[in-house]
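Data block below; observations after.
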Amino acid sequence: MSKIYEQKLLYRILKLYVDRAFKSFYGDYIVVGRENIPEKGPIIFAPNHRNALMDALAILSVTPTGFSTSFVARADIFKKKMIAAILHFIKIMPAFRMRDGYENLGRNNETFDMSSELLINGNALCIMPEGNQETEQFIRPLVKGIFRIAFATQEQCGPEKPVKIVPVGLDYGSIYKYGKHIIINIGKPVDISEYIETYRENQAQAMNELRQRLSDSLKSLTVDVASNENYEEILTASELAGYEAKAGRHYTIESFKLRQKAAKTLVNKEKTDEAGFKRFAETCRTFSKQLKTLKLKPQALLNSKVSLASLIADAALLFMTFPVFLQGFLLNFIPFFLPVYLRKNVFKAKYDGFFSSLHFGTGLLIFPIYYIIQTIVFAAVVPAPWWMVLLFVPFQYIIGKWAFRWYQEFRKYQIRICCYRLRTGKNEDFHKAIRNKEEILKYIYK
């Protein structure tokens, strides 16, 4: 079997396609701190883990050209030989856990050896240091596997070739919907050679120091809602704070920073302001119930002062562009909705953290096949020159993406209409929700 870090031609071609598709899956693809990625290996990427396959693809999308990046995943998906061969081809190695059987834990040594080998040869490795996946937005305790590999490799490399762990914070506008944002927040690399002397004297101490440093770094790169009792309340409030960002080119980044700051502030106030935080938490719960009654999401309240004139102007623009949307919808509705159908009725996935991975993975096959079939039908039915047939292939994708953006704007317009109706109709629950929103924001910033 070939070395896992070897990049064959087929792999390179598929990687280009998957990378392009991944970036197109998100409405706003943002990378912060790309300059923190070392120019040469060995590199270990250490991202937080909330979104299954998409987390790994996010790392793959920022890996510099020329690097081969391999991954470690749970061992139970390697049971079938054909699946194991495919996983090896796409550079994924198994990690055995206690639940896989105590007798199998020794098999991790093979993965550790393969990991050290690819790192020594100047390649990259990606390990999710939290060990498992959860959808909640906080950094969980880090497992020791990543540190064992890092120290073992550093011992073999020597001081002239330092191993670097690069922390990466991944922030998603949604972990299951298409067209939202992704922020890949790359932190300063941690040099393992700085800890090697401590490791030789006291392995436990070196691992604990490195674990704490990496954990702190990941918390600084994400929205860390580190609360057990009031997680939902702090999450609601931090999202409200994020919606206060100014509209514009850098809205997504500014919103992330506001959410991050609010979560940190509230986690601290939970510990230091017991009475005030208790009132705040109750206001958050009341606010959430009000939104549920009104059938609104928090961001809808930003449009509470929308004017009738702006609604009329927006309606006119949507009406004029509707024919373009309709064309894009008709050319794309099958590949857009089929992945969702398959996820619900064939894969029957219940866990939110797998949704976008299933949508993306099935879409990788469905979209090109559908576009090819539709192009053949177009060529057979429409008496068009060959160059027009060729242009029809990318046209389907472009107008489909445009149609989706139109639909997003239409949904926002519906929310603005709803808010205008509630405000002008003097709906008491609506106005109470606005007052509670202001109380929540006031508590965050006071």
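Of the numbered criteria (1) open to solvent by less than 30 Å² (accessible area, probe 1.4 Å); (2) touching a residue at least 60 places away in the same chain (Cβ under 8 Å), the one PHE151 fails is (2). For the residues LYS437, LYS426, LYS412, the requirement of being closer than 21 Å to GLU244 by Cβ and either surrounded by fewer than 15 Cβ atoms within 10 Å (Cβ to Cβ) or among the hydroxyl-bearing types (Ser, Thr, Tyr) (or both) singles out LYS412. The single condition from (1) of a type in the set (Gly, Ala, Ser); (2) part of a helix (DSSP H, G or I); (3) surrounded by fewer than 17 Cβ atoms within 10 Å (Cβ to Cβ) that ALA384 fails is (2). Would you say SER357 is under 30 Å from ASP55 (Cα atoms) and of a type outside the set (A, V, I, L, M, F, W, C)? The answer is yes for SER357. Residues that are of a type in the set (S, T, N, Q), within 18 Å of HIS431 (Cβ to Cβ) and surrounded by 12 or more Cβ atoms within 10 Å (Cβ to Cβ) within segment 297-321 comprise GLN299, ASN303, SER304, listed in sequence order.
Does segment 356-366 include one or more residues that are under 17 Å from PHE25 (Cα atoms) and either free of Cβ contacts under 8 Å to residues at least 24 places away in the same chain or open to solvent by 60 Å² or more (accessible area, probe 1.4 Å) (or both)? Yes.
Restricting attention to segment 72-106, which residues are farther than 19 Å from PRO129 by Cα, in contact (Cβ under 8 Å) with a residue 24 or more places away in the chain and more than 27 Å from the chain's Cα centre (by Cα)? If the condition is that a residue be farther than 19 Å from PRO129 by Cα, in contact (Cβ under 8 Å) with a residue 24 or more places away in the chain and more than 27 Å from the chain's Cα centre (by Cα), then ASN104 is the only one that fits. Look at segment 191-207: where a residue is in contact (Cβ under 8 Å) with a residue 60 or more places away in the chain and under 18 Å from ALA46 (Cα atoms) and a partner is open to solvent by 30 Å² or more (accessible area, probe 1.4 Å) and not in a helix (DSSP H, G or I), sitting 6+ places away or on another chain with Cβ atoms under 9 Å, you get MET207/LYS144.
Taking the residues in segment 256-296 that are under 29 Å from the mean Cα position of the chain (by Cα), assigned to a helix (DSSP H, G or I) and of a type in the set (Lys, Arg) as candidates, determine which candidate is surrounded by the fewest Cβ atoms within 10 Å (Cβ to Cβ). The residue in question is LYS292.
The values are calculated or read from the model by the stated rules, or taken from the named source; none is laboratory data. Model, not experiment: these values are computed from the prediction. Cβ sites come from the backbone with ideal geometry, for glycine too, and all protein chains shown count toward neighbours. Just the protein is used for accessible areas: all its heavy atoms, side chains included, with ligands, DNA and RNA removed. Shrake-Rupley method; radii C 1.70, N 1.55, O 1.52, S 1.80 Å.
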